[in-house]
Amino acid sequence: MNNHPTKLLTGTSSDSLKDRTIVLAVTGSIAAVRTVELARELIRCGASVRAVMSEAAQGIIHTDALHYATGQPVITRITGAVEHVEYCGEDGAADLLLVAPCTANTIGKMAFGIDDTPPTTFATTALGCSVPVMVVPAMHGSMYNHPGVMENLGKLKQMGVHILDPVLAEKTAKIVSNEDIVLEVERLLGGGSMEGRKVIITSGGTRERIDPIRILTNRSSGRTGVALALEAYRRGADVTLVQSIPSELPGTGIKVVVAESAEDMSRCVLEEIGSVYDLLISSAALSDYTIEPRDSKIKSGQDEITLTLRPTGKLLQTVWEQYPDLDIIGFKAEANVGKYELLKSARKLMDRYSLAMVVANDVGVSGMGTEDNTVYLLESSGIVTGPVAGNKQVIAGSILDRYLEVSG
């Protein structure tokens, strides 16, 4: 394993699964072809992956493919080494048994403690000593809808098995995306530092309509807000993301609300907060000005056009006035200023709205619309962390680390 090429991939995306050992149990669904890349994605997050295959799975994908993907020999039968106990028994090496894809046949066997294949033997062992188990079903739609399969899935849930519901399309119960699976694994093994907390996050640049075609907007990509939503979800939080541009996020547990304009976003946030949140992270670049939109398209070819702009309401002020006990993390962007002026501006924002933290950055240098960023984290106590530099997942992790440190 030390010289295997897989070692070069370990932790290249993140360290969210660092020092975690995952047994990937593959059963006889055509979706088994997805497991090579799934194993690699888990490894890119820092995990060590050991594959276990049923005989049916070996008819779909060769063991050499998963040996290469994981860097370790594939378990295809239980030997005198009692591999199921080594990994999923008492004091076993595995942090998680991930059965993906999982057929109707394997679901039924797991529900009744039948272990006549390597994956089911691992499952019986894991369930017998509280090793976390995650099942990712994949089968034809008529099989998935069978009352017995539904009942067996219910039994597994009662046993504490985590079920990732399939995507129902083309008369098939399709395996969810690898991105979804990895995110749910990260959440399950992430330690739950934000479990029980409700977090609402605003994201991206708002869009103010000028006419049916044109808008006023800014260069904000929304990547920071998405990264914060995913990171909070990994840590066990109940997450709502309010953003101006619809997007599909991995993890069906993240609620996405679309709000195009600054007014729409403020309204949606206030409506959501009414259902009791613990934290607002206001990372969206809300427009400071808006315009009365015209019903018809402004004709092109004119020498000059005059647009009359009016200020938009301030979301932070409204939330602070209505929910003074809510923790709020604000963002302050300046352009081409020194560190002193940037932090001075961030302090003014913090003091004005009694914020728990302000994330400050100079967008004249980097940050808006980019993959990476460099920020300073200003806490209400006056402590400044930074500069914190890296991709936006790194930035999101640093923000939540500091918030949890302060809030307890």
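The values are calculated or read from the model by the stated rules, or taken from the named source; none is laboratory data. Please read these numbers as outputs of a predicted model, since none were measured by experiment. In this analysis, Cβ positions are derived from the backbone assuming ideal geometry, glycine residues included, and neighbour counts consider all displayed protein chains.
Brief remarks follow.
- Some residue of region 331-343 being aromatic (F, W, Y) and in contact with a Phe, Trp or Tyr (Cβ under 9 Å, 6 or more places away or on another chain): no
- Residues satisfying the stated conditions in region 191-207, i.e. touching a helix residue (DSSP H, G or I) at 6+ places or on another chain (Cβ under 7 Å) and crowded, with 19+ Cβ neighbours inside 10 Å: M194, V199, I200, I201, T202, S203, G204, T206
- From the list T374, T318, the lone residue that is within 22 Å of S287 (Cα to Cα), β-branched (V, I, T) and surrounded by fewer than 17 Cβ atoms within 10 Å (Cβ to Cβ) is T318.
- Within region 165-174, none of the residues are touching a Cys at 6+ places or on another chain (Cβ under 8 Å) and either closer than 24 Å to A227 by Cα or in the same structural domain as G253 (by TED's automatic domain parsing) (or both).
- Only residues that are buried (at least 21 other Cβ atoms within 10 Å of the Cβ) and not basic (K, R) were counted in region 80-110, giving 17.
- Comparison of G222, G236, G253, G274 shows that the only residue that is of a type outside the set (D, E, K, R), modelled with pLDDT under 95 and either on the phi > 0 side of the Ramachandran plot or not assigned by TED's automatic domain parsing to the domain that holds W320 (or both) is G222.
- Taking the numbered list (1) more than 18 Å from P387 (Cα to Cα); (2) within 28 Å of the chain's Cα centre (by Cα); (3) modelled with pLDDT under 95 in turn, A333 passes all entries but (1).
- Test: D401 is within 24 Å of R219 (Cα to Cα), assigned by TED's automatic domain parsing to the domain that holds R214 and of a type in the set (D, E, K, R): no
- Going through (1) part of a loop (DSSP other than H, G, I, E, B); (2) modelled with pLDDT of 95 or more one by one, I245 falls short only on (2).
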